[in-house]
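K.L.:
This structure is in structure tokens; I'll ask about it shortly.
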Amino acid sequence: APPQMKRIPLEGKKIQHPIGKKLIEFALKKKSNLIASADVITSSELLKLAEEVGDHVVALKLHTDIIKDFSFDLIDKLKVIAKEKEFLLFEDRKFADIGNTQELQFKEGVYKIADWADMVTAHPIAGEESLQVFEHVGVVAIVEMSSKGTLTDDYYITKALNVAENSSNVLGVVAQRQVADELLLFTPGVNLSSKGDTKGQQYNTPERVFKAYHTDFMIVGRGIYQSVNAKESAIEYQTAGWNAYLESLN
Ligand code: BMP
């Protein structure tokens, strides 16, 4: 179905995937559509951040391959915090290969992502069948990037959305625009005080992503983990995001 002018509230979205349903359940219960991106490089920083922001997010997005001292002890501890504070573990691996290789990267190697992640990101660039290897997790397909000069033009986005809509383990997409209601929309590149960085990142406000793009979940990295008080910042983003979401329903 084509995107509508009026947005559908989270509880009205027809999401089939169990992980998508879980995200919506957490969002409504916690009054949060915030995902914190925990782009820190040590286990201790990551665990501290998870404790601080956990009550205010629906998921913690990770880049486990940047963690210097990665171990399954870290994963075990994160799982405990996630269960207690009710958020999902979202590995932003951005798979982008043929199905067979992606399956190995997903299940094997150092990180064994398949053993613990609730959600993963993947580029749909290798086509629909390549995404079938991600079993028992929610896949978020990257259809449009936030950075300056990204190659994800309108043609690519249309084709990528098509792949996403036809893949049963895809629960949503990362994009900087409104998408069909059957998909959950995740939007990174959100910051309350900065317009961008010196490496191509571009930022929007929570207000813009909820009202103009009808996003379902905003992803905030440096705005939270680089702030003086991560918990206070998470509350600030949670409140700004949830209010913008509620206003966008009218
Ligand atoms: P920050 O808010 O610090 O700019 O972090 C954004 C996070 O979202 C990073 O982890 C980045 O990898 C991710 N991301 C993004 O910024 N733009 C995209 O298009 C897709 C992403 O996954």
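The values are calculated or read from the model by the stated rules, or taken from the named source; none is laboratory data. The structure displayed is predicted, hence computed values, not measured ones. Glycine also receives a Cβ, built like all others from the backbone with ideal geometry; neighbour counts cover every protein chain displayed. When the accessible area is computed, the model is the full protein with side chains, heavy atoms only, and any ligands, DNA or RNA have been set aside. Shrake-Rupley method; radii C 1.70, N 1.55, O 1.52, S 1.80 Å.
K.L.:
Restricting the search to segment 87-123, which residues are within 14 Å of the ligand (Cβ to nearest atom), aliphatic (A, V, I, L, M) and open to solvent by 10 Å² or more (accessible area, probe 1.4 Å)?
P.N.:
96
K.L.:
Could you tell me which of the residues 28, 46 is hydrophobic (A, V, I, L, M, F, W, C) and crowded, with 20+ Cβ neighbours inside 10 Å?
P.N.:
Numbers: 28 fails: crowded, with 20+ Cβ neighbours inside 10 Å.
Answer to the check: 46.
K.L.:
Evaluate the following for residue 229: is it more than 20 Å from residue 120 (Cβ to Cβ), more than 17 Å from the chain's Cα centre (by Cα) and open to solvent by 50 Å² or more (accessible area, probe 1.4 Å)?
P.N.:
Values: more than 20 Å from residue 120 (Cβ to Cβ): yes; more than 17 Å from the chain's Cα centre (by Cα): yes; open to solvent by 50 Å² or more (accessible area, probe 1.4 Å): yes.
When the stated conditions are applied, residue 229 passes them.
K.L.:
Can you tell me which residue within segment 4-21, out of those that are aliphatic (A, V, I, L, M) and part of a helix (DSSP H, G or I), is least open to solvent (accessible area, probe 1.4 Å)? Walk me through it before giving the result.
P.N.:
Step one: filter segment 4-21 for residues aliphatic (A, V, I, L, M), giving 5, 8, 10, 15, 19.
Those still in the list that are part of a helix (DSSP H, G or I) too: 10, 19.
Details: 10: 1, 19: 29 Å².
My answer is 10.
K.L.:
Identify the residue in segment 142-177 that is open to solvent by 50 Å² or more (accessible area, probe 1.4 Å) and under 15 Å from residue 218 (Cα atoms) and, among all such residues, is farthest from the ligand (Cβ to nearest atom).
P.N.:
If we take residues in segment 142-177 being open to solvent by 50 Å² or more (accessible area, probe 1.4 Å) and under 15 Å from residue 218 (Cα atoms), then 177 is farthest from the ligand (Cβ to nearest atom).
K.L.:
Any idea which of (1) more than 21 Å from residue 10 (Cα to Cα); (2) open to solvent by 20 Å² or more (accessible area, probe 1.4 Å); (3) within 12 Å of the ligand (Cβ to nearest atom) is the one residue 224 doesn't satisfy?
P.N.:
Of everything listed in (1) more than 21 Å from residue 10 (Cα to Cα); (2) open to solvent by 20 Å² or more (accessible area, probe 1.4 Å); (3) within 12 Å of the ligand (Cβ to nearest atom), residue 224 misses just condition (2).
K.L.:
Follow-up. How about segment 233-250: which of its residues are assigned to a loop (DSSP other than H, G, I, E, B) and either within 14 Å of the ligand (Cβ to nearest atom) or not aliphatic (A, V, I, L, M) (or both)?
P.N.:
Step one: list which residues in segment 233-250 are assigned to a loop (DSSP other than H, G, I, E, B), which gives 249-250.
250 - this is the single residue of segment 233-250 that is assigned to a loop (DSSP other than H, G, I, E, B) and either within 14 Å of the ligand (Cβ to nearest atom) or not aliphatic (A, V, I, L, M) (or both).
K.L.:
Another question about this same structure. Name, by its number, the condition in (1) part of a helix (DSSP H, G or I); (2) of a type in the set (Gly, Ala, Ser); (3) within 12 Å of the ligand (Cβ to nearest atom) that does not hold for residue 194.
P.N.:
(1)
Residue-by-condition table, conditions (1) among the small types (Gly, Ala, Ser); (2) in contact with a Phe, Trp or Tyr (Cβ under 9 Å, 6 or more places away or on another chain); (3) at pLDDT below 95:
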{"position": "190", "(1), (2), (3)": "no, yes, no"}
{"position": "194", "(1), (2), (3)": "yes, yes, no"}
{"position": "202", "(1), (2), (3)": "no, no, no"}
{"position": "205", "(1), (2), (3)": "no, no, no"}
{"position": "217", "(1), (2), (3)": "no, yes, no"}
{"position": "220", "(1), (2), (3)": "no, yes, no"}
{"position": "229", "(1), (2), (3)": "no, no, no"}
{"position": "235", "(1), (2), (3)": "no, no, no"}
{"position": "244", "(1), (2), (3)": "yes, yes, no"}
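K.L.:
Go through (1) farther than 16 Å from residue 61 by Cα; (2) in a helix (DSSP H, G or I); (3) aliphatic (A, V, I, L, M) for residue 180 and report which single condition fails.
P.N.:
Of (1) farther than 16 Å from residue 61 by Cα; (2) in a helix (DSSP H, G or I); (3) aliphatic (A, V, I, L, M), only one is false for residue 180: (2).
K.L.:
Restricting to segment 209-232, name every residue that is of a type in the set (D, E, K, R) and either free of Cβ contacts under 8 Å to residues at least 60 places away in the same chain or assigned to a loop (DSSP other than H, G, I, E, B) (or both).
P.N.:
So in segment 209-232, the residues of a type in the set (D, E, K, R) come out as 211, 216, 222, 231-232.
Scanning segment 209-232 gives 211, 216, 232.
K.L.:
Something else: Can you tell me how many residues within segment 50-86 are open to solvent by less than 30 Å² (accessible area, probe 1.4 Å) and either within 16 Å of the ligand (Cβ to nearest atom) or among the β-branched types (Val, Ile, Thr) (or both)? First the steps, then the outcome.
P.N.:
Step one: of segment 50-86, the residues open to solvent by less than 30 Å² (accessible area, probe 1.4 Å) are 50, 53-54, 56-62, 64, 67, 74-75, 78, 81-82, 85.
Imposing the further condition that a residue be either within 16 Å of the ligand (Cβ to nearest atom) or among the β-branched types (Val, Ile, Thr) (or both) reduces the set to 50, 53, 56-62, 64, 67, 75, 81.
Residues that pass the stated criteria total 13.
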